[in-house]
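All remarks here apply to the structure that follows.
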There are 4 protein chains.
Amino acid sequence: MIHLESDYNNGAHAGVLQRLVETNDVRSQSYGDDEFSWNARKLIREACGAPDAQIWFLAGGTQTNATVINSVLESYEGVLCADTAHINVHEAGAVEFTGHKVIPLPGHEGKLQVADLKAWLAAYHADDTAEHMVRPGMVYITFPTELGTLYTADELRELADVCRQYGLLLYVDGARLAYGLAAGGDVTLPLLSSVADIFYIGGTKCGALCGEAVVFPRGNAPSHMLSRIKRHGSLLAKSRVVGVQFEALFSRVGGATLYDLIGRQAIELAMRLRGLFVGKLGYAPYIDSPTNQQFYIIPNADLARLREHIGFEVWCPVDASHTACRFVTSWATTEEEIAELEKLLTH
Amino acid sequence: MIHLESDYNNGAHAGVLQRLVETNDVRSQSYGDDEFSWNARKLIREACGAPDAQIWFLAGGTQTNATVINSVLESYEGVLCADTAHINVHEAGAVEFTGHKVIPLPGHEGKLQVADLKAWLAAYHADDTAEHMVRPGMVYITFPTELGTLYTADELRELADVCRQYGLLLYVDGARLAYGLAAGGDVTLPLLSSVADIFYIGGTKCGALCGEAVVFPRGNAPSHMLSRIKRHGSLLAKSRVVGVQFEALFSRVGGATLYDLIGRQAIELAMRLRGLFVGKLGYAPYIDSPTNQQFYIIPNADLARLREHIGFEVWCPVDASHTACRFVTSWATTEEEIAELEKLLTH
Amino acid sequence: MIHLESDYNNGAHAGVLQRLVETNDVRSQSYGDDEFSWNARKLIREACGAPDAQIWFLAGGTQTNATVINSVLESYEGVLCADTAHINVHEAGAVEFTGHKVIPLPGHEGKLQVADLKAWLAAYHADDTAEHMVRPGMVYITFPTELGTLYTADELRELADVCRQYGLLLYVDGARLAYGLAAGGDVTLPLLSSVADIFYIGGTKCGALCGEAVVFPRGNAPSHMLSRIKRHGSLLAKSRVVGVQFEALFSRVGGATLYDLIGRQAIELAMRLRGLFVGKLGYAPYIDSPTNQQFYIIPNADLARLREHIGFEVWCPVDASHTACRFVTSWATTEEEIAELEKLLTH
Amino acid sequence: MIHLESDYNNGAHAGVLQRLVETNDVRSQSYGDDEFSWNARKLIREACGAPDAQIWFLAGGTQTNATVINSVLESYEGVLCADTAHINVHEAGAVEFTGHKVIPLPGHEGKLQVADLKAWLAAYHADDTAEHMVRPGMVYITFPTELGTLYTADELRELADVCRQYGLLLYVDGARLAYGLAAGGDVTLPLLSSVADIFYIGGTKCGALCGEAVVFPRGNAPSHMLSRIKRHGSLLAKSRVVGVQFEALFSRVGGATLYDLIGRQAIELAMRLRGLFVGKLGYAPYIDSPTNQQFYIIPNADLARLREHIGFEVWCPVDASHTACRFVTSWATTEEEIAELEKLLTH
């Protein structure tokens, strides 16, 4: 059985685990002021080409989104996003819990289009009743999106331009950032650091046991960020548990970071999977995803046979006899698994 | 240098770390539905003698307090506690952030006295304007308290009786529970399970890298607890990271759990420390604490010499020439360290 | 100049004002426990045929919506509504401020369609990730809608059936209820009282200086409602100021209440307005509204001439040469004004 | 029976009611943009000697406190006040509902002492764990206090100095401001406008049917205040209902405003009441209040006889045979009533 259900069903990447073991007995400061966290911050700043970046380590993605959004918005502001965005659908209302409206715009394979954003903002600012509406304060996007798709560098620049024009912050949720950066597009950490006002580098889905790194790339964090994080219940006493992991993830092996390598391997295997499903088995892609989340249209008649060999997720029905399914590679997927799958399914 | 500043400056206890390593490559369900978490729940239920207990694993203490309190209180209810309580002083307003008032009563060496509670409740219920006030919905206590002191079983039973009489929930914050249970008092996990409506078993300060176990001992959790936890940003995708650690902490070695052993060792060393400071060096205790947080009154003239050998925390000035200081043992403190300290200070 | 901009630009109906004057010197209890409020409750219960109804008087509509919704939903629940709903667009995020997500479904001329609701609920309950989503707890509709349209009694019954099937509350915002009840449809206060779980009877837009009456028609208000209202800042010390006005609005003049008469007059004049704009001047309706908000498509070339005689609101452009405009009658609009308008525009 | 239970059991002062009647048929803008509100703002600015003051009209006191406090504090800040403060005791947690901690300091006959404030702030800023605590952002006082006492101008200046030194806002709740200004002290509206950062002028308890005027005396309101007020549900569509009343209250009759006259009459009668109770009947004052709330110690044996003639409130028991009682004069109390009382009780 090859498990492709999701990218958070294993422990940590061996390199991350090893660093947890080797630092375990070192005594350190608490609440993020430990040597591992400071070293991780230094490594992340270097990878981002952002020497002034301020960085905090939190435990999980929903927590990070709620804490960041509530920390940087004015009380009367809301956050614009694609209707499929994680904060709009799958965070149990964590953002609204902090008092802020999530304002969905139509998503296009998970992406927010700059034309939709511009049209919405123009209409809002032309509306005489705007003061009675929730003021837009932020654009939230995910990279990669919930549907595995990617923005190009130009698309991000355009979104950032619109944000600056209208006084909005651009926030990028990078829960699966490793896979997005490795997928052959033109978006890099330095590019993200120059277009986004805030982003987070996902750990949980990219090789860590837990943890995400929030980056304010231009030293632009709001005042008393530690108190804000604490008030959200997001401050770990032993914040080092995340710091140590990011230290491992951003350490360099040759020219690349472990974070790079984790992304590359998962993408390489995702592309082999696509070769198998689309090229050899002739299934159509449901969404044309270049990242570790792959979506194919499977004839219902084939589902049972696939289930014998693979764990995967049913996404949605396509028609009476076809179903869209999601197959996810991760840092924990191996070449051997994919090779075996090829043998099993083409045989 | 012997470090007695606090109990959250190391990684994890070796037994906990080992279990993280040995389970790392096992694939599991996410969001707390993994085999390790289910086994940990079973072990905790057994240790508590509470077969119907419902248990969730969260990442940290402040998060746990805010999530629990907001999940079980009605919107118009507040929480009563000692004025020194962690939720009243050191959580950056995390409970108020969820909309609930923290109502402080006078603490007595960190403890809430049943007489104060009764008097306050009687006055509240006799007040004609009660409907204009925050309704008391919960009593929050810590075991051990922030000052290292302990309630007796009888004191807990009395508090619980008052709570039942007035329709309040009794919630016990057990951030340092291991040390409280091992301190020679008459409070046990089964006793806690019978008197408290909710309590949490602290991991972070008692040998885990991170994590706390929330226990609803009589199957009395509110509906949709998973959604509530998620909405607070407290649900880890890889919740197993905490589950695995509690599985280790509640595994038995001989008749005792690792959690018991961790508590015992720290208490034994804390008592040796007391023997040294009070018995041999003749310092007076500032608070008579039977647990791992020890408070002594140190002549200011001796502070510099102590600082050469020990890391500790200044608590507060006592008079012009004396200072109360806190010395904390933990699972990470060793016999060798205390023996060395004895040699250094009595020599 | 005839003012048809909106229905909240005057003071109070003469009958309401008179009652404020004649009761002014009577000393009474505060916080809603005064004789006028109790009499108003009795009159409203009679008008609703709901002897067990619980009724509170609040100052304004947004406040009422936020207070009601937050009082009856569980913390993890959200509220479903049409995308054009007042709570989704024009309350500056007051509902989200209380921590609840507003979940918009497509509106059809301001109305929520039972088919859309059913489809959404079926999809939600079929979703494996439902516990990670905001749970639907309420359906919010307005009667009349923001676009002047009305539900039929059958449509309301169908919505109520779906709500009961899925365990949702049905809440009806009646900011302009007087105009909806008088518009010749088959919805009455007793019908509303039997299908809705909560509704409010609008005062501010229907002849009062301020104030709305929240009705829990079957004695189904949550516990400690007074404290909940107070906590939202919605409890007036002199709550009688609203009670007195509703006493006047629900006093009977012949067989009808003043509230009935206020609605009827505005609707009669709205229909004369439609006769003038659609029948005589040949403008097309933009929305076919049977209530006091009328929407016509005006050739841009005619706008200036209209503006000489009438105050109205531009709604939205229709095409390059036409604009949809809103004309609102109210209890303050007079026959003389409409007659004069007819003369001016057809002359 | 002479009613001295409280100052919010009548309708409006005749002069306020008359202005509501005479403006009733004038059509106006909504949401506070009406001619009456603008004129009221002008009159208040003149009375305050504060030409740059920004002023909003809200419906009630608790709403005003919650809206103001949440609008000006940073999310992680709390508000310091006396333990007897209205926001700490009698607002059902409305401030905590907005996410902010209310931090009580010991009250001295209802007043916050500058020495207590300084000591608390010094301790907070010396605390190494301050970032884990709620940061103080505001000092809230009431003028007069809940116990009828008054700050002197010098005391207010001292409080303001401490606030400026520590970066706190000084907010004055003036629910009963008319009575405080008329009580012969040295505090005036211009003084308040120079020392306070925000204050509100109470209407409800000082002659209005409802309504309070929030003043930012130096044009120092936060951005988008209208949206903030709306989000709190505190924006009346017919905000003019409050504007008209404040226009009446701040219109001048001879050199004095109606607000002055209302205060003076109530204070004059309160002093006559004191002459009767303390001077003639020999009762001791419970608190030495110079304002319209009078507190006397009544022998229990006399309570029944008093109750035959007067409505009043039992405040608290003093000893086995004496009870502290509160007697409140207001704009609605008449000379004839007090004269009659003198006759009845001294006879």
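Every read-out reported here was derived from the displayed coordinates using simple, explicitly stated rules and does not represent laboratory data. The model shown is predicted, which means the values in this text are computed figures rather than measured ones. When we count neighbours, we look across all protein chains shown, and the Cβ atoms used for this are built from the backbone with ideal geometry, even at glycine.
Assigning unit charges at the beta carbon (Lys, Arg +1; Asp, Glu -1) and nothing else, what dipole magnitude in debye, to the nearest 20, does the stretch D:284-328 show about its Cα centre?
Using Cβ point charges on Lys, Arg, Asp and Glu, the stretch D:284-328 gives about 100 debye.
Rounding to the nearest 20 debye, state how big the charge dipole of chain B is about its Cα centre with +1 on each Lys and Arg Cβ and -1 on each Asp and Glu Cβ.
680 debye
I need the inter-copy label distances for D:Met1: point set 7 Å along Cα to C-beta, values in nm with one decimal, smallest first.
Distances to the matching label points in the other copies: 5.1, 7.6, 7.8 nm.
Given labels modelled 7 Å from the Cα in the Cβ direction, how far is it in nm from B:Val253 to B:Thr188?
About 2.2 nm, to one decimal.
In Å³ and rounded to a whole number, note down the convex hull volume per residue for the Cα atoms of the stretch D:257-347.
So the per-residue hull volume is 86 Å³.
Could you tell me whether chain C comes out rounded, prolate or oblate from its Cα gyration tensor? Rule is a ≥ b ≥ c as square roots of the eigenvalues, rounded for a/c under 1.5, then prolate if a/b exceeds b/c, otherwise oblate.
In terms of gyration-tensor shape, oblate.
Would you work out which of D:Gln29, D:Ala119, D:Ile87 lies farthest towards the positive end of the dipole of the stretch D:24-145, given +1 charges on the beta-carbon of Lys and Arg and -1 on that of Asp and Glu, about the Cα centre?
The residue sitting most towards the positive pole is D:Gln29.
Evaluate peptide B:204-214: per residue, the Cβ atoms of other protein chains within 10 Å of its Cβ; return the mean as an integer.
Across the residues of B:204-214, the mean count of other-chain Cβ atoms within 10 Å is 3.
Starting with the fewest neighbours, write out B:Thr333, A:Thr64 ranked by other beta-carbon atoms found within 10 Å of each beta-carbon.
Ordered by Cβ neighbours within 10 Å, fewest first: B:Thr333, A:Thr64.
Suppose only helical runs count, i.e. DSSP H with n ≥ 4. What mean residue ellipticity at 222 nm does that imply for chain C under -39500 (n - 2.57) per run, divided by all residues and rounded to the nearest 500 deg cm²/dmol?
Taken over chain C, the calculation gives -11500 deg cm²/dmol.
At a Cα cut-off below 18 Å, give the aspartates and glutamates reachable from C:Lys343, other chains included and same-chain residues fewer than 8 away excluded.
In chain and number order, the partners are C:Glu268, C:Asp302, C:Glu308, C:Glu335.
Using the Karplus equation 6.51 cos²θ - 1.76 cosθ + 1.60 (θ = phi - 60°), what ³J(HN,Hα) coupling, rounded to whole Hz, does each residue of the stretch A:326-340 give in order, writing x for Gly and Pro?
After applying 6.51 cos²θ - 1.76 cosθ + 1.60, I find 10, 10, 10, 8, 7, 4, 8, 7, 10, 4, 4, 4, 5, 4, 5 Hz.
Using a simple spin-label model with points 7 Å from Cα along the Cα→Cβ vector, what separation in nm is obtained for D:Arg307 and B:Ser223?
So the label points at D:Arg307 and B:Ser223 sit 4.5 nm apart.
Along the Cα→Cβ direction, 7 angstrom out, place labels at D:Glu35 and A:Asp154. What is the inter-label distance in nm?
The modelled label-to-label distance comes out at 5.8 nm.
Please arrange D:Ile2, D:Ile338 by counting, for each residue, the other beta carbons lying within 10 Å of its beta carbon, fewest first.
Ascending number of Cβ neighbours within 10 Å: D:Ile2, D:Ile338.
Evaluate peptide D:219-232: per residue, the Cβ atoms of other protein chains within 10 Å of its Cβ; return the mean as an integer.
So the per-residue partner count for this stretch is 6.
Under 5 Å between amide hydrogens, which residues at least 5 positions from A:Gly107 or on another chain qualify, with H placed 1.01 Å from N in the peptide plane?
HN-HN under 5 Å from A:Gly107: A:Asp83, A:Thr84.
Taking the alpha-carbon centroid of each part, what is the distance from the stretch C:99-165 to the stretch A:44-75 in angstrom?
Here the answer is 36 Å between Cα centres.
Quick one: label points 7 angstrom along Cα→Cβ at C:Thr152, distances to the other copies in nm, smallest first?
So the label point of C:Thr152 gives 5.3, 7.5, 7.7 nm to the other copies.
For chain A, give me the percentage of DSSP beta bridges that are antiparallel, rounded to the nearest 5 percent.
Looking only at bridges with both residues in chain A, the antiparallel portion is about 60 percent.
Just want the ordering: C:Tyr296, A:Tyr179, from fewest to most Cβ atoms lying within 10 Å of their own Cβ.
Result, fewest neighbours first: C:Tyr296, A:Tyr179.
In sequence order, what are the phi-derived ³J(HN,Hα) couplings for the stretch C:276-291 according to the Karplus relation 6.51 cos²θ - 1.76 cosθ + 1.60 with θ = phi - 60°, rounded to whole Hz, with x for glycine and proline?
Computed from phi, the couplings for the stretch C:276-291 are 5, 6, 8, x, 7, 8, x, 6, 7, x, 7, 9, 8, 9, x, 10 Hz.
Which of rounded, prolate, oblate describes the stretch B:1-149, given a ≥ b ≥ c as roots of the alpha-carbon gyration tensor eigenvalues and a/c under 1.5 marking rounded, otherwise prolate only if a/b is larger than b/c?
Taking the square roots of the gyration eigenvalues as a ≥ b ≥ c, the stretch B:1-149 is prolate.
Which entries in the list B:Lys101/D:Lys111; C:Lys230/D:Lys42; B:Lys101/C:Lys230 go over 24 Å, if you measure between the two C-alpha atoms of each?
Exceeds cut-off: C:Lys230/D:Lys42.
Taking θ = phi - 60°, what integer Hz values does the Karplus form 6.51 cos²θ - 1.76 cosθ + 1.60 yield along the stretch D:154-169, in sequence order, with x for Gly and Pro?
With coefficients 6.51, -1.76 and 1.60, one gets 5, 4, 5, 5, 5, 4, 5, 4, 4, 4, 5, 4, 9, x, 9, 8 Hz.
Specify whether the C-alpha gyration tensor of the protein assembly as shown places it in the rounded, prolate or oblate class, a ≥ b ≥ c being the square roots of the eigenvalues: rounded for a/c under 1.5, otherwise prolate if a/b is larger than b/c and oblate if not.
The shape class here is oblate.
Which percent, nearest 5, of DSSP beta bridges in the protein assembly as shown are antiparallel?
60 percent
How far is C:Pro299 from itself in the other copies, in nm, if each label sits 7 Å out from Cα along the Cα-Cβ line, shortest first?
6.2, 9.3, 10.5
How many partner chain Cβ atoms sit within 10 Å of a residue's Cβ in peptide A:135-142, on average, as a whole number?
1
Under a cut-off of 17 Å between alpha-carbon atoms, report the aspartates and glutamates in cross-link reach of B:Lys118, not counting same-chain residues fewer than 8 places apart.
Leaving aside aspartates and glutamates fewer than 8 places away in the same chain, those within reach of B:Lys118 are B:Asp83, B:Asp127, B:Asp154, B:Glu155, B:Glu158, B:Asp161.
Since chains C and A are linked by a rotation, which residue in C has the beta carbon closest to its axis, and how far is it in Å?
C:Glu96, 2
Treating only the Cβ atoms of Lys and Arg (+1) and Asp and Glu (-1) as charged, compute the dipole magnitude of the protein assembly as shown about its Cα centre; round to the nearest 20 debye.
I would put it at about 0 debye.
Which peptide among B:302-311, C:89-98, D:127-136, D:238-247 comes first, and what is the full order, when sorted by highest mean count of other Cβ atoms within 10 Å?
Packing proxy ranking, top to bottom: D:238-247, C:89-98, D:127-136, B:302-311.
Just want to confirm a number: the relative contact order over the stretch D:82-228, from Cα pairs under 8 angstrom separated by 6+ residues, in percent.
Averaging sequence separation for qualifying contacts and normalising by length gives 17 percent for the stretch D:82-228.
Which whole-number percent is the relative contact order of chain C (Cα, under 8 Å, 6+ apart)?
Once divided by the residue count of chain C, the mean separation gives 25 percent.
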